[in-house]
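Presented below is the structure to which this report refers.
The values are calculated or read from the model by the stated rules, or taken from the named source; none is laboratory data. Source: prediction; values computed, not measured. All Cβ positions, even for glycine, are placed from backbone atoms using ideal geometry, and neighbour counts span all protein chains on display. SASA here: full protein model, heavy atoms, side chains in, ligands and nucleic acids out. Shrake-Rupley method; radii C 1.70, N 1.55, O 1.52, S 1.80 Å.
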Amino acid sequence: MRKNDLVRTQERMYTTALPPQHSDSDRRIIDAPGPSLHLYQVWKGNNRFCFNGRIILGPDSRSLFLTVSLIVVPVILFCAFVSQRLVEQFPRHIGNLIVVLCPLFAVYVVILLLITSARDPGIIPRSLHPPEPEDDGYVSSISSDWPGSQNGPPGVPPTKDTMVNGVIVKIKYCQTCMLYRPPRCSHCSICNNCVERFDHHCPWVGQCIGKRNYRFFFMFVSSTTMLCLYVFAFCWVNIMKIMDAYHCNLWRALSRSPVSGFLILYTFGAAWFVGGLTGFHLYLIFTNQTTYENFRYRYNVKMNPYSRGCFRNVGEVFFSKIPRSKHNFREMVKGDSSSVYATSMSLRHPMSPEMPKTSSDIEMGKRQAVAAEDLEDIQSQIDSFGGLERCGTQPRHTNWDHKTNWESSPDIQMLAAEFGMEHGSTGRQKIEGANDLKT
């Protein structure tokens with residue numbers, strides 16, 4: 001009897017207990033999926049959304065109020081104090097046309113500003129996990145001793161090579177978005193997004209300037225230049241009319257219309273700023289460059305793989321079809337599926353004890369990655385001048401990642417051996433003790 005009771009007790013101890021029965025309400029809570037949210041509500045970038053995700057803005061979108069005021073206030077002053085004199089001094093229909101054109105032009109400029117700021121600049125969707133090694137046909141051009149090669153996740157090279165119009169172009173791995181950036185794509189540290197054909201992040205617009213809003217940005221800058229010149233010219237016309245009417249010098253005329261003098265100085269300075277910006281972007285359009293590429297890669301020194309001639313470059317910016325956004329910010333997503341836009345790599349790789357890092361460590365890592373990219377660009381420029389072919393001489397990706405693993409394997413084996421010996425000795429002691437009890 002005692003033996004049977006002992007067997008039953010052991011069966012009760014080692015058998016798995018059945019889960020408790022839940023009520024219908026509890027089962028609904030447990031079995032229900034995560035809450036359904038809009039994509040803009042689980043967005044991992046630093047953007048701001050308005051009107052339930054219909055409008056996407058940059059994190060510094062408050063600067064729009066300053067930009068709009070710098071445009072609207074001078075126009076109001078011009079219409080209130082300057083244009084009234086021009087109506088009296090010109091024929092009626094011409095004077096009225098001068099008065100009407102200025103506010104209409106200002107409204108047009110503000111509309112272009114809002115379109116540029118409230119439009120998806122071309123954000124690349126983030127990846128759920130790092131790409132598989134050598135799974136996309138590219139060939140790695142980075143060895144293990146190259147600076148910054150250990151910044152990426154295991155098994156993923158920091159750069160790869162691709163062909164653009166017969167020219168080898170390096171594409172870089174983005175640790176935040178966990179993808180290889182397409183050519184001409186860059187990660188904006190302010191918006192925290194990879195933007196296609198990234199030009200720059202404009203603080204006056206409060207948004208990244210990329211493939212989907214560059215055309216409107218240039219139209220905004222050039223239209224603002226013309227508006228400044230319009231106000232500047234007619235303020236001078238007003239001063240000249242005052243000098244002719246009162247037979248006075250320039251200073252007397254400015255004292256009779258101080259607003260004209262203020263607007264002349266204001267529009268002169270603004271025209272130099274936005275006019276210079278317009279001229280610079282005209283040069284970029286003619287040569288098919290971006291601001292980021294012009295300052296970083298210096299295509300005036302080496303060949304630009306994206307240039308297709310002046311006329312085709314202009315047509316690509318102004319007459320090509322703007323691609324649709326790769327995101328539907330109002331689509332419904334499950335609460336659990338918001339991890340699609342997470343930057344953690346713990347889904348693919350186990351967390352190590354040294355994994356948690358502070359924000360300062362992460363920022364330092366990003367700065368080291370940027371420094372490594374700068375060193376890499378300098379090295380590529382040196383190689384281009386020397387006529388070196390690095391792509392054929394660099395080892396493939398399949399070799400550089402296993403070096404550190406083989407170096408650490410003897411230590412791991414030694415620790416495992418010691419661990420096994422300790423557990424083996426303790427196991428033998430337990431077995432001998434059990435045999436002594438039986439005897």
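I'd like to know which of Val231, Phe280, Thr291 lies farthest towards the positive end of the charge dipole of region 221-310, counting +1 on Cβ of Lys and Arg and -1 on Cβ of Asp and Glu.
The Cα lying farthest towards the positive end belongs to Thr291.
Cβ under 15 Å from Pro125's Cβ, Pro125 left aside: what net charge do those residues give with Lys, Arg +1 and Asp, Glu -1?
+4
I need the fraction of alpha carbon pairs in region 158-292 separated by more than 21 Å, rounded to a whole percent.
59 percent
What number, in nm² with one decimal, is the all-direction average of the projected area of the convex hull of the alpha-carbon atoms of region 153-237?
One quarter of the hull surface, i.e. the mean projection, equals 7.8 nm².
Between beta-carbons, use under 15 Å as the cut-off and find the net charge around Ile94, counting Lys and Arg +1, Asp and Glu -1.
+2
Roughly speaking, what is the stretch gain from Phe311 to Thr176, that is 0.36 nm per residue apart minus the C-alpha to C-alpha distance, in nm to one decimal?
Stretched fully, the Phe311-Thr176 segment lengthens by 44.9 nm.
What do you reckon, how do Met226, Met178 stack up by accessible area (1.4 Å probe), largest on top?
Met226, Met178
Can you work out ³J(HN,Hα) from phi for every residue in region 225-232, in order, using Karplus 6.51 cos²θ - 1.76 cosθ + 1.60 and θ = phi - 60°, giving whole Hz and x for Gly and Pro?
Coupling constants for region 225-232: 4, 5, 5, 4, 5, 4, 5, 4 Hz.
Provide the net charge surrounding Arg252, with neighbours chosen by a C-beta distance below 14 Å and charges set as Lys +1, Arg +1, Asp -1, Glu -1.
So the environment of Arg252 carries a net charge of +1.
Taking the convex hull of the alpha carbon atoms in region 202-264, what volume per residue do you get, in Å³?
Cα convex hull per residue, to the nearest whole number: 71 Å³.
Ranking request for peptides 39-48, 207-216: highest mean number of other beta-carbon atoms within 10 Å first, then the rest in descending order.
Highest-to-lowest ranking by the protection proxy: 207-216, 39-48.
I need the peptides 160-170, 50-60 ranked by packing, meaning the mean over residues of other C-beta atoms within 10 angstrom, with the highest value on top.
50-60, 160-170
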